[in-house]
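Encoded as structure tokens, the structure appears first; notes follow it.
The values are calculated or read from the model by the stated rules, or taken from the named source; none is laboratory data. Owing to the predicted nature of the structure, the values given are computational and were not obtained by experimental measurement. Heads up, the Cβs are rebuilt from the backbone with ideal geometry, glycines too, and the neighbour counts pull from every protein chain shown.
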Amino acid sequence: MNSSYTLLRPNIQKAVYHYLLDYHKQSKLSCDTFGDLQLFINTYFEASSTLLGPEDLVSLIPNDQLSTKLNSLQPQDLVFYLQPDTNTNSTLWSIILSHYANISKLGQVMDPLNIKTVDITVTVFKTVWPIFVSNSGSLNSSEMDKWFNVRFNNTIKLITLEQLNITEVITASCLFYQNLVKTLSMHYEDYSASTRQDIYDVFRKYLQTGPKPRCYTDDNNSWMVNNLQVYLTFCSADDLRSFSNEVTLQQFSVDNKTLALVKTLSLKEDLKVYYAQLLTTENPDFPLEDIPQSILCYAIANLNVGHIAGDQAIATLKFLKMCNYSNNSTVDKDALPGLLSSVPEITSQVLTSLGSLAVGLSTSTILQITNGSILLTSMSTLSATTGWSVTQASAIVIKVIQNNYQVTVENLEKLRSLVIGLPSSKINNLTSKDILSLSGNLTFTTYMEQAPVALRQRFVQRVIQASSAQSIFLSVPANLASAIPASNLVATTLNISQINRMKWTRRQAQVFFQTLLIQNTNYSILSSNILQGFTCGAAKNLNEAQFVNLIKSMTGKLVNLESSQLNCLAKRLSMNGAPADFASYPNDVLLYLGPYTKPSVCADYFTLVGKANIDQLAQGSVRRTSLLSSARRCLSISNTGRIAKETLQKLGNLVCDLTAQEILNSDSYILKALKNCSSFTDSQRSGILQKLKAIYGAPSTWTVSSMDQIGSLASSIEGTTLRLIDKIVRRQFFPGFLTAIKIQYKKLFTFVMSQLKVSLRLATRAAPDCEELTTDMIAKQKEYIVVTYTAVQLDTCLSNKTLRDNLETLGSLAFDNDQLKVLKNKLDTVFPTTVPELYLLQMGNIASMYSTKEISQWNITAVDTLAAVLGGASWATNDSKINALVTQYLRSSNVTFDGTALSVLAPYICGINETLIRKIPANELRNSIEPLDLSTCTQGNKDLLYSKMKAAYSSYESSSNAYFQIMRTVLGGAPSQDLVVFAKGLSEMDLTTFTGLNPAEVKKLNAENIKNLIGINFLDINMISRSTVLQAWVSAKTQTEVNKLGLNATGGVRETLPDGFIVISPVTETSGASSLKFTYLLYFFTIGVIFSINNLFL
């Protein structure tokens, strides 16, 4: 039949074919004894085999023999059967290919296939992909490449998450994975955004599984290129950290291929920051031109740019303008001074080109722009720039005023951010109409809020003078209310809606708090700025319900109360027992209520206490210790048991007092919780360090990323451990950290600085050669320079020019006296005659090194200069040099002790001698906006200042509580008769104020006077029993009087006995029983005589 088959008609051919097909189907291929399906077909179908297609081929083979029979086919034979017409069912393709398991032969099938429909294309890919993945381990590099780049070239775009996120992919070889990354990157544009994210998610899962970094060979640092390519776009900083250790990632970051890739990508913001950190840690001197621009915005902060050429500096600055410095706080502005120092000349064109980057110009550089017209020409640019320091702004404004910039309303409004540098005396040149116009300009007053105290006081004083008494609170902008003197706040009635919108200080609010309580009983409408003025004296006349409502109105308003306020408040609330509804009160109040120890409520109570500011209670105080002890019992915390995360969350800020062992026993969450603490004991530091080592490894392996995660707990690390941390890591982490804690956490700052110095002494026993200090280093390292450069090194490695160019920054650093003397000596060379007044504004701590004789040569013509010199240095408040500064200021023409000067001098008033104090006009004290600090004054000066304050405010005495609040800071000079008057009012004096009174005057008070003076605080009087004032009082009083105060002390004055009583002096005990017996006999005999005499008169 085979020889005559072609002679048959087509219908006969088909009939023959179907007969053979049906026969062999029914026989289940029983005739196939060859083990070769194609040989069987050739033998039994002969010429009719040309009609055999996918459908018949599958139907011919029994299901249980599909795999065996199909795999016996050669690739070219299978290809023949897979060339159907377009109507072939794609399912048949799937059946055939899924049973053709030999990956090498399957590839030979894929190569010549001519697929004509989308349906079959999809089916083939879905079928072949899992076979390929499962067998990929047997393929060599060229075979793998052919599969991805030829066979899947047109179909890989069909890939889905379900096909990728399978065990076989996640556990596949690196050869497979890297080819997958390469191919999917080539087809990146073929995928939707969601598919791209899905693909990256699989890549991330792969790289996070197994050894880290996965698929890395030591000789190839292009790891990110090989293993992520364009999908690095989706990678976060945390993801990258999870792929490898940081040291290895640093090596990857400087790889040329990787840098080339990064230049083409738009990375996530956090990855840009982290990548910059990696790169600069690996090589702080990395060439600027080789860094991708998107990374340079962040890398510039840690790159050494102190010695780059001027043209490169300008080019870099032009690029950095695109980093959006003014709005993106992640980009470090400290990078600017170093670059700007390399610019050869600052012209108006340069300033315009710089735009907002001009904020990096040092004050000294601004002053050295001799032609003020350059600044005047660029005013629109400079005034639109934010972030100026007061000294920078002052230099610019003074320069342009010297260049005939007129101080008018219009020009002041144009100053915008520079208004903080306006000399306060210039406010006097404006008319009342001008002043009121400016006070109504929100933009102007927003910038004025940031101005130094002298300028704010002078401006607000002029606003008050231009207003009627009734309209002050409408005329003074709400955000400048803090500059309203207390004398303007004493009134019998106040408009609550006006007062409520304004930003008050606590001291101001305390002055008018009682007035508002008398006027209004709806306390819920009062703002937090007003409620912070709570005093027990002001609330003394409220009934119990009113008092409770007042305190409850503070809940949820973030009212910031001091410990003395909270203490007396809680005592008043607890007079009839601790309130049951403790959850209705502010969390800080709960520190002084309770503790509530009943099992049914204690957990809720301590959860709320844990949210309070624990520093309201002194560390180690009885109450604070008691709170934690009660919390331990309530939450079942044992000395040895593990403390779970849930328990730590309930403890909240109470964790700040856990022992070292408890810290070690705690869940790792403890480290996050401890970051809210302001101080630690030595024992706690030891426990924290052990916990840090357990989580982050040995300190020698810590990276910048590790330190960032450790965060504020770095303040607990001692010098012996700090020295183990890599030098570059310390230099990148600690400058920013020290700046962050310097103002808010002074004790921690001092401790960290001391330990860093210890670490450097341990690391370098002998003073090594030092690196020359540049503007770039000073701007970026700031406080870290203090610990890395000794006085000797500063003398050697700091040039006079660099000192002058960076005077403001160096003057602000916490140098010790030896270091400051070096800086002072260098300045003497820069300014051999005397320091110019505009440079005095920048001196900072260096000013304290000048003698009174040298200060007497300074030219201090403006109160702004006086304020800058006083505020810039860490003066002892009674330093005689303060007197020299004030004397020098008063020598200038047309200056007096006005309200502006007194606002500036208030914290330093004890540094002024009696002669100067007597020159203070009493009426000007009413215009000061700062309370006088008499804490270090001599008693004579306290008395003098009190008398002046009393004279200034004598007309306010009828408003007893307001008058007391105004006078409170000067009561150390109050005579006893005035203290008696205060005791008759509503003072409720806190114990801190009481201990600052004149002991000689307090002696004259009786116990009842003192009780009335301190009010409810009398309950705590034994806490100050050892204070000088109480010991002096006790020594001057009889035991009976002392007992009236409940003091555990012996009176210093003998009691006066009634007639007929005798006093027997104590007998000194001698050795022997007879002497002791005689003493007892004499004692009982005397008692008997007294008893008999009394009976005679009954």
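Determine if segment 787-796 includes at least one residue that is over 29 Å from GLN755 (Cα atoms), at pLDDT 95 or above and surrounded by fewer than 21 Cβ atoms within 10 Å (Cβ to Cβ). Show your work before the answer.
Of all residues in segment 787-796, those over 29 Å from GLN755 (Cα atoms) come to none.
No.
Residues in segment 69-83: is at least one out of contact with any Lys or Arg (no Cβ under 6 Å at 6 or more places or on another chain), modelled with pLDDT under 80 and exposed (fewer than 13 other Cβ atoms within 10 Å of the Cβ)?
For segment 69-83, residues out of contact with any Lys or Arg (no Cβ under 6 Å at 6 or more places or on another chain), modelled with pLDDT under 80 and exposed (fewer than 13 other Cβ atoms within 10 Å of the Cβ): absent.
Here is a list of conditions, (1) under 28 Å from the mean Cα position of the chain (by Cα); (2) at pLDDT below 95; (3) surrounded by 16 or more Cβ atoms within 10 Å (Cβ to Cβ), and LEU608 meets all of them except one; can you say which number that is?
Going through the list (1) under 28 Å from the mean Cα position of the chain (by Cα); (2) at pLDDT below 95; (3) surrounded by 16 or more Cβ atoms within 10 Å (Cβ to Cβ), LEU608 breaks only (2).
In this structure, is THR775 crowded, with 21+ Cβ neighbours inside 10 Å, within 30 Å of ASN800 (Cα to Cα) and among the β-branched types (Val, Ile, Thr)? Give the steps one after another, and end with the answer.
Details: crowded, with 21+ Cβ neighbours inside 10 Å: yes; within 30 Å of ASN800 (Cα to Cα): yes; among the β-branched types (Val, Ile, Thr): yes.
Yes.
Restricting the first residue to segment 105-133 and requiring it to be of a type outside the set (A, V, I, L, M), which pairs with a second residue that is outside any helix (DSSP H, G or I) meet a Cβ separation below 6 Å and a spacing of at least six or different chains?
Correct list of pairs: LYS116/THR86; THR117/THR86; THR121/ILE115; PHE125/THR155.
Look at segment 810-819 and say how many of its residues are buried (at least 23 other Cβ atoms within 10 Å of the Cβ) and either over 27 Å from the mean Cα position of the chain (by Cα) or outside any loop (DSSP other than H, G, I, E, B) (or both).
Residues that pass the stated criteria total 3.
Applying the selection to segment 277-308, what residues are more than 14 Å from GLN250 (Cβ to Cβ) and in contact (Cβ under 8 Å) with a residue 40 or more places away in the chain?
Correct list: ALA301, ASN304, VAL305, GLY306, HIS307.
Before we move on, is SER874 more than 38 Å from the chain's Cα centre (by Cα) and in contact (Cβ under 8 Å) with a residue 24 or more places away in the chain?
Numbers: more than 38 Å from the chain's Cα centre (by Cα): no; in contact (Cβ under 8 Å) with a residue 24 or more places away in the chain: yes.
Criteria not met by SER874.
Identify the residue in segment 935-977 that is outside any helix (DSSP H, G or I) and polar (S, T, N, Q) and, among all such residues, is surrounded by the most Cβ atoms within 10 Å (Cβ to Cβ).
Within segment 935-977, the subset outside any helix (DSSP H, G or I) is 935-938, 957-959, 974-975.
Cutting the leftovers down to polar (S, T, N, Q) gives us 935-936, 938, 958-959.
Values: SER935: 13, THR936: 15, THR938: 13, SER958: 9, SER959: 20.
So, considering only residues that are outside any helix (DSSP H, G or I) and polar (S, T, N, Q), the one surrounded by the most Cβ atoms within 10 Å (Cβ to Cβ) is SER959.
Would you check which residues across segment 661-693 are surrounded by fewer than 21 Cβ atoms within 10 Å (Cβ to Cβ), among the hydrophobic types (A, V, I, L, M, F, W, C) and farther than 23 Å from PHE749 by Cβ and list them?
LEU664
SER759 passes all but one of (1) modelled with pLDDT of 95 or more; (2) under 15 Å from PHE737 (Cβ atoms); which number fails?
In the conditions (1) modelled with pLDDT of 95 or more; (2) under 15 Å from PHE737 (Cβ atoms), SER759 misses (1) alone.
I need the full set of residues from segment 242-261 which are in contact with a Phe, Trp or Tyr (Cβ under 7 Å, 6 or more places away or on another chain) and in a helix (DSSP H, G or I), in order please. Before you say what the answer is, go through the steps one by one.
Initial filter on segment 242-261 (in contact with a Phe, Trp or Tyr (Cβ under 7 Å, 6 or more places away or on another chain)): 252-254, 258.
PHE252, SER253, THR258 - these are the residues of segment 242-261 that are in contact with a Phe, Trp or Tyr (Cβ under 7 Å, 6 or more places away or on another chain) and in a helix (DSSP H, G or I).
Show the residue pairs meeting these rules: Cβ distance below 6 Å; 6+ apart or different chains; first residue within segment 309-322 and in a helix (DSSP H, G or I); second residue of a type in the set (Ser, Thr, Tyr).
If the second residue must be of a type in the set (Ser, Thr, Tyr), the pairs left are GLY310/SER342; ALA313/SER342.
Output yes when any residue across segment 27-35 is at pLDDT 80 or above and either surrounded by 13 or more Cβ atoms within 10 Å (Cβ to Cβ) or within 30 Å of GLY107 (Cβ to Cβ) (or both), and no when none is. Reasoning before the result, please.
Let us first name the residues in segment 27-35 that are at pLDDT 80 or above, namely 31.
Imposing the further condition that a residue be either surrounded by 13 or more Cβ atoms within 10 Å (Cβ to Cβ) or within 30 Å of GLY107 (Cβ to Cβ) (or both) reduces the set to none.
No, segment 27-35 has no match at all.
Out of all the residues in segment 838-865, which are closer than 23 Å to LEU367 by Cα, of a type in the set (A, V, I, L, M, F, W, C) and without any contact (Cβ under 8 Å) to a residue 60 or more places away in the chain?
LEU840, MET843, ILE846, ALA847, ILE855, TRP858, ILE860
Quick check: anything in segment 68-83 under 30 Å from LEU175 (Cα atoms), under 60 Å from the mean Cα position of the chain (by Cα) and polar (S, T, N, Q)?
Looking for residues that are under 30 Å from LEU175 (Cα atoms), under 60 Å from the mean Cα position of the chain (by Cα) and polar (S, T, N, Q), one finds none in segment 68-83, hence no.
May I ask you to verify whether GLU930 is among the acidic types (Asp, Glu), touching a Leu at 6+ places or on another chain (Cβ under 9 Å) and surrounded by fewer than 16 Cβ atoms within 10 Å (Cβ to Cβ)?
So GLU930 does not fit the description; no.
For segment 625-702, which fully contained helices (runs of 4 or more DSSP H) count at least 2 residues that are farther than 19 Å from LEU608 by Cβ, β-branched (Val, Ile, Thr) and touching a Leu at 6+ places or on another chain (Cβ under 9 Å)? Please lay out each step first, then the result.
Numbers: elements: 645-651, 660-665, 669-674, 682-696.
Once the helices (runs of 4 or more DSSP H) in segment 625-702 are filtered for at least 2 residues that are farther than 19 Å from LEU608 by Cβ, β-branched (Val, Ile, Thr) and touching a Leu at 6+ places or on another chain (Cβ under 9 Å), what remains is 682-696.
Would segment 77-91 turn up any residue that is part of a helix (DSSP H, G or I), among the small types (Gly, Ala, Ser) and within 21 Å of ASN154 (Cα to Cα)? Reasoning before the result, please.
To start, the set of residues in segment 77-91 that are part of a helix (DSSP H, G or I) comprises 77-81, 90-91.
Then drop every residue that is not among the small types (Gly, Ala, Ser), which leaves 90.
Then keep just the ones that are within 21 Å of ASN154 (Cα to Cα); that gives 90.
Scanning segment 77-91, I find at least one residue that is part of a helix (DSSP H, G or I), among the small types (Gly, Ala, Ser) and within 21 Å of ASN154 (Cα to Cα), so the answer is yes.
Within segment 470-477, is there a residue that is crowded, with 21+ Cβ neighbours inside 10 Å, within 31 Å of the chain's Cα centre (by Cα), farther than 26 Å from ILE374 by Cα and not β-branched (Val, Ile, Thr)?
Yes, because at least one residue in segment 470-477 is crowded, with 21+ Cβ neighbours inside 10 Å, within 31 Å of the chain's Cα centre (by Cα), farther than 26 Å from ILE374 by Cα and not β-branched (Val, Ile, Thr).
Just a yes or no: is a residue in segment 145-155 among the β-branched types (Val, Ile, Thr) and within 24 Å of LYS205 (Cα to Cα)?
As a first pass, look at segment 145-155 and keep what is among the β-branched types (Val, Ile, Thr): 150, 155.
Of the ones still in play, those that are also within 24 Å of LYS205 (Cα to Cα) are 155.
Yes: one or more hits.
Restricting attention to segment 633-649, and to residues there that are out of contact with any strand residue (DSSP E or B) (no Cβ under 9 Å at 6 or more places or on another chain) and surrounded by fewer than 19 Cβ atoms within 10 Å (Cβ to Cβ), which single residue is modelled with the lowest pLDDT?
Narrowing segment 633-649 to residues out of contact with any strand residue (DSSP E or B) (no Cβ under 9 Å at 6 or more places or on another chain): 633-634, 636, 638-641, 646, 649.
Remaining after also requiring surrounded by fewer than 19 Cβ atoms within 10 Å (Cβ to Cβ): 633, 636, 638-641, 646, 649.
Numbers: ARG633: 95, SER636: 94, SER638: 88, ASN639: 80, THR640: 83, GLY641: 89, GLU646: 97, GLN649: 97.
Per the criteria, the residue is ASN639.
Only one residue in PHE176, PHE132 is in a helix (DSSP H, G or I), surrounded by 15 or more Cβ atoms within 10 Å (Cβ to Cβ) and either modelled with pLDDT of 95 or more or aliphatic (A, V, I, L, M) (or both), so which one is that? Working first, answer last.
Numbers: PHE132 fails: either modelled with pLDDT of 95 or more or aliphatic (A, V, I, L, M) (or both).
Of the residues listed, the single one that is in a helix (DSSP H, G or I), surrounded by 15 or more Cβ atoms within 10 Å (Cβ to Cβ) and either modelled with pLDDT of 95 or more or aliphatic (A, V, I, L, M) (or both) is PHE176.
Regarding THR493, is this residue in a loop (DSSP other than H, G, I, E, B), at pLDDT 95 or above and not hydrophobic (A, V, I, L, M, F, W, C)? Please lay out each step first, then the result.
Working: in a loop (DSSP other than H, G, I, E, B): yes; at pLDDT 95 or above: no; not hydrophobic (A, V, I, L, M, F, W, C): yes.
It is false that THR493 is in a loop (DSSP other than H, G, I, E, B), at pLDDT 95 or above and not hydrophobic (A, V, I, L, M, F, W, C).
Is there any pair with a first residue in segment 1028-1042 that is farther than 15 Å from ARG1054 by Cα and a second that is basic (Lys, Arg) and part of a loop (DSSP other than H, G, I, E, B) whose Cβ atoms are under 7 Å apart and which are 6 or more apart or on different chains, and what are they?
If the second residue must be basic (Lys, Arg) and part of a loop (DSSP other than H, G, I, E, B), the pairs left are ALA1032/LYS1003.
Listed residues GLN514, GLN565; which is assigned to a helix (DSSP H, G or I) and closer than 24 Å to ASP615 by Cβ? If you could, list the steps in order and put the result at the bottom.
Details: GLN514 fails: closer than 24 Å to ASP615 by Cβ.
Just one listed residue meets the conditions, GLN565.
Test of understanding: among ARG204, ARG241, which residue is in contact with an Asp or Glu (Cβ under 8 Å, 6 or more places away or on another chain) and among the basic types (Lys, Arg)?
Just one listed residue meets the conditions, ARG204.
In this structure, is LYS414 modelled with pLDDT of 95 or more, assigned to a loop (DSSP other than H, G, I, E, B) and surrounded by fewer than 20 Cβ atoms within 10 Å (Cβ to Cβ)?
Against the criterion (modelled with pLDDT of 95 or more, assigned to a loop (DSSP other than H, G, I, E, B) and surrounded by fewer than 20 Cβ atoms within 10 Å (Cβ to Cβ)), LYS414 does not qualify.
Would you be able to tell me the number of residues in segment 103-116 that are surrounded by 14 or more Cβ atoms within 10 Å (Cβ to Cβ) and either β-branched (Val, Ile, Thr) or touching a Ser or Thr at 6+ places or on another chain (Cβ under 8 Å) (or both)? Step through it out loud before you land on a result.
The first filter runs over segment 103-116 and keeps only residues surrounded by 14 or more Cβ atoms within 10 Å (Cβ to Cβ), leaving 103, 105-110, 113, 115.
Next, from what is left, pick out any that are either β-branched (Val, Ile, Thr) or touching a Ser or Thr at 6+ places or on another chain (Cβ under 8 Å) (or both): 103, 109, 115.
Within segment 103-116, residues that are surrounded by 14 or more Cβ atoms within 10 Å (Cβ to Cβ) and either β-branched (Val, Ile, Thr) or touching a Ser or Thr at 6+ places or on another chain (Cβ under 8 Å) (or both) number 3.
Out of the residues in segment 399-438 that are in contact (Cβ under 8 Å) with a residue 40 or more places away in the chain and in contact with a helix residue (DSSP H, G or I) (Cβ under 7 Å, 6 or more places away or on another chain), state the one that is farthest from SER383 (Cα to Cα). Walk me through how you get there before you give the answer.
If we filter segment 399-438 for residues that are in contact (Cβ under 8 Å) with a residue 40 or more places away in the chain, which is where we start, we get 423-425.
Now drop any that are not in contact with a helix residue (DSSP H, G or I) (Cβ under 7 Å, 6 or more places away or on another chain), which leaves 423-424.
Numbers: PRO423: 16, SER424: 18 Å.
For segment 399-438, the residue satisfying everything is SER424.
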